Amino acid sequence: MSAAMPLLEIRRVTKSYRPPGGSPPISVLRDASLTVQAGESVAIIGPSGSGKSTLLNLIGGLDQPDDGSVLLDGVSVSQLGEAALAQMRRDRIGFVFQSHHLLPHCSVLENVLVPVLADHSSTDSAVEQRARHLLERVGLGDRIHQLPGRLSGGERQRAAVVRAIIRRPALLLADEPTGALDRASALEIGRLLADLNGIDSVTLLVVTHSRELAGQLGRIVEMRDGQLVEA
Ligand SMILES: Nc1ncnc2c1ncn2[C@@H]1O[C@H](COP(=O)(O)OP(=O)(O)O)[C@@H](O)[C@H]1O
Ligand SMILES: [Mg+2]
C-alpha cells in the first residue's frame with residue numbers, strides 16, 4: 001500500500017432513519033465525503049441534529065451507511081465481519097463522549113484499565129504503568145484510587161480521555177467532549193487533545209459546538225445539509 005493511504009476515508013455516505021409508525025424517512029447524510037490523513041486533527045461543527053453523531057457512529061462501525069463507504073486503513077468498515085469489526089474498534093479507535101461513562105463503583109485507575117481487561121496483556125504491569133503515567137500527565141496522579149463521583153466534571157472527562165487512549169488507538173473519535181464542562185475545564189480538555197495529537201500522533205476527529213475547541217485543532221469541517229464542507 002502506498003504511504004499516502006489516508007487513515008480514514010468517508011466516500012459519498014448516505015444515511016437516513018426510518019421513524020417508527022410509517023412516517024417518511026429522515027435523510028441525515030447525503031453524499032457526505034471526508035478524507036483524513038494520519039496525524040491530522042479535525043473538528044466537525046454544525047447545528048444540532050445535522051448528523052454529526054450519526055457520522056461518528058458510522059466511522060466507529062456502530063451503525064451502517066445506506067450507501068457509500070467508510071474506509072479505515074483502506075478497509076471498508078461495513079464489510080468487516082462482526083469479529084473483525086470488534087477487533088478494529090478495539091485496536092484502532094478510541095471513543096470519548098459528552099458524558100464520561102465511567103463506572104461509578106470502579107476507581108479512576110480501574111476505569112482506565114477497562115479496555116484492556118479482555119486482553120491477555122491485562123496482567124501485564126506495563127499497561128498499568130502506562131495508565132498511571134497517563135493519569136499523572138493529565139493531572140490525576142493523586143486521584144487514581146478515587147471513585148469517579150469524587151472528581152470534578154473536568155477530571156472525570158480527563159479520565160475518560162485516558163481510558164480512550166490506553167490501547168494507543170490510531171484514531172480518537174470525540175463527540176462533544178467538552179459539551180458538559182465549564183470553560184476552564186473545556187480548555188484543559190482541548191489542550192489535552194491537542195497534546196495527544198501533537199505529541200502522541202493520535203489522529204483526532206472531534207465533534208464540537210465550541211469555536212474555541214475547534215480553533216485548538218488543525219482543521220475545521222462543517223456538517224451542512226448532510227454533507228461535509230471545509231470551513
Ligand atoms: N437511531 C436513530 N433513529 C432515528 N432517528 C435518528 C437516530 N439517530 C439520529 N436520528 C436523527 O437523525 C438526525 C441527526 O442526528 P444526530 O446525528 O444525532 O445529529 P447531531 O449529532 O448533529 O446533533 C436527527 O434528526 C436525529 O433525530
Ligand atoms: Mg450529536
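With Cβ to Cβ distances under 13 Å as the rule, what net charge do the other residues near V114 carry (K, R +1; D, E -1)?
With Lys, Arg at +1 and Asp, Glu at -1, the neighbours total 0.
Whose amide H sits under 5 Å from the amide H of D119, counting only residues 5 or more places off or on another chain, with H placed in the peptide plane?
Those qualifying (amide H under 5 Å, at least 5 residues apart or on another chain) number zero.
Averaging over all projection directions, find the projected area of the Cα convex hull of the range 99-224 and quote it in nm² with one decimal place.
The Cα convex hull of the range 99-224, projected and averaged over all directions, gives 7.9 nm².
Taking 20 °C and 1.002 mPa s as the conditions, I'd like the Stokes-Einstein D for the chain in µm²/s, using the Kirkwood hydrodynamic radius from alpha carbon pairs.
Estimated diffusion coefficient is 117 µm²/s.
Run through the DSSP bridge list for the chain and note the antiparallel percent, rounded to the nearest 5.
Once the DSSP bridges in the chain are tallied, antiparallel ones form about 50 percent.
So, counting K/R as plus one and D/E as minus one, what does the shell of residues with Cβ under 10 Å around P65 add up to?
The answer is 0.
Can you give the FRET efficiency for S78 and D142, using 1/(1 + (r/R0)^6), R0 = 35 Å, r = Cβ-Cβ distance, to the nearest 0.05?
Efficiency computed from Cβ-Cβ geometry: 0.20.
How far is it, in nm, from the label point at M5 to the one at R168 when both lie 7 Å from their Cα along the line to the Cβ?
1.9 nm
Could you work out the local net charge near Q98, counting Lys and Arg as +1, Asp and Glu as -1, over the other residues with Cβ closer than 10 Å to its Cβ?
Local net charge: -2.
Each value in this text was obtained by applying a stated rule to the coordinates, not by laboratory testing. Every value quoted in this text rests on a predicted model; they were computed, and no experiment measured them. A quick note on method: Cβ atoms are made from the backbone with ideal geometry, for glycine too, and the neighbour counts reach across all protein chains shown.
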